[in-house]
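Report on the following structure.
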Amino acid sequence: MKPFPLIILSFSTLIVCFGNLYGQSRRRLVWSDEFNYTGLPDSTKWGYDIGGAGWGNDELQFYTFQQTKNARVENGHLIIEARKETIGTNAYSSARLVTKGKGDWTYGHIDVRAKLPKGRGTWPAIWALGSTIPLTWPDDGEIDIMEHVGYDQGVIHASIHCKKYFHSIGTQKTAIISVPDCSEVFHVYSLDWTPETITMLIDKKPYFSFHNEHIDKTSWPFNAPFHLLLNIAVGGSWGGQKGVDDTVFPQRMEIDYVRVYQ
């Protein structure tokens, strides 16, 4: 018989271990969409950002409203689809779904199980914005749970933006991780958000953390309600840095579920 290994844990280690387990057990599901229906996304949970004026990033798509060609639920998945088609002065269509006014949270844990589009010019994102009305960006904060640009296939980005830290002044806080099969396999992209720390994870593995500096709102506006956004942009100042390959369209992001715990 193999002897049991002798394990010696300090009292402080036990406190941490049991404290983490207790914290996890106290977490409760407060909002979710399992996409166990067919047709347009559930209007009690999802709204739309609409239009095609570049969205501050010189993006090329027009975001449509209640168009199943761009946003629909089928076979248990939410499909967000970017298409090559002309709408007004825009050469592409897509959708940007938002929970604002239907799901807004301060702190918690968000899981989004998704499979990403691929191809040069695609720019899918799973992210959160402050629910302030009107929103002042970046002062009111942005949390990028997942971003992927098609010219850099398999590299996943996580970031935060606020008045002190954002990309336009080169101070954004960000991290990357390699997920080579992100367009072939579903992965769980997660945000863990407390009064002290914002952490991003993939398949329960953390790879980005940002800590509250306890200075003022310029470095931590993340103590107010935020809402979730899901979208595929086309081109833009980042996604279009190496052009857009029109032969790859249509491209879709598939979401298996969205779950919010507090």
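Every number here is computed from the coordinates shown, using simple stated rules; none is lab data. Worth saying up front: this structure is predicted, and the values here are computed from it rather than measured. Here the Cβ positions follow ideal geometry from the backbone for every residue, glycine too, while neighbour counts run over all protein chains shown.
Brief remarks follow.
- Computed over the range 76-167, the P(r) tail beyond 18 angstrom holds 57 percent of alpha carbon pairs.
- Pairs over the 24 Å Cα-Cα cut-off, from the set LYS45/LYS242; LYS118/LYS242; LYS45/LYS217; LYS45/LYS115; LYS84/LYS115: LYS45/LYS242; LYS45/LYS217.
- Cα-based shape type of the range 107-262, given that a ≥ b ≥ c are square roots of the gyration tensor eigenvalues and the cut on a/c is 1.5: prolate
- Computed over neighbours whose Cβ is under 10 Å from that of TYR63, the net charge equals -1, Lys and Arg +1, Asp and Glu -1.
- Highest-MSF residue in the chain out of TYR37, TYR92, TYR107 [GNM, Cα springs under 10 Å]: TYR37
- Mean shadow area of the range 182-228 over all directions, Cα convex hull, nm²: 4.1
- Computed over the alpha carbons of the range 49-88, Rg followed by Dmax gives 11.4, 34 Å.
- Taking Cβ atoms as reference points and 12 Å as the exclusive limit, the residues near ASP42 contribute a net charge of +1, counting Lys and Arg as +1 and Asp and Glu as -1.
- Between helix 11-26 and the chain: long-axis angle, C-alpha atoms, 0 to 90°, nearest 10: 40
- Around GLY154: net Lys/Arg minus Asp/Glu count, Cβ-Cβ under 12 Å: -2
- Cα pair distances in the chain, grouped into 5 Å bins until the bin that holds the longest one, percent each: 1, 6, 12, 17, 18, 17, 12, 6, 4, 2, 2, 1, 1, 0, 0, 0
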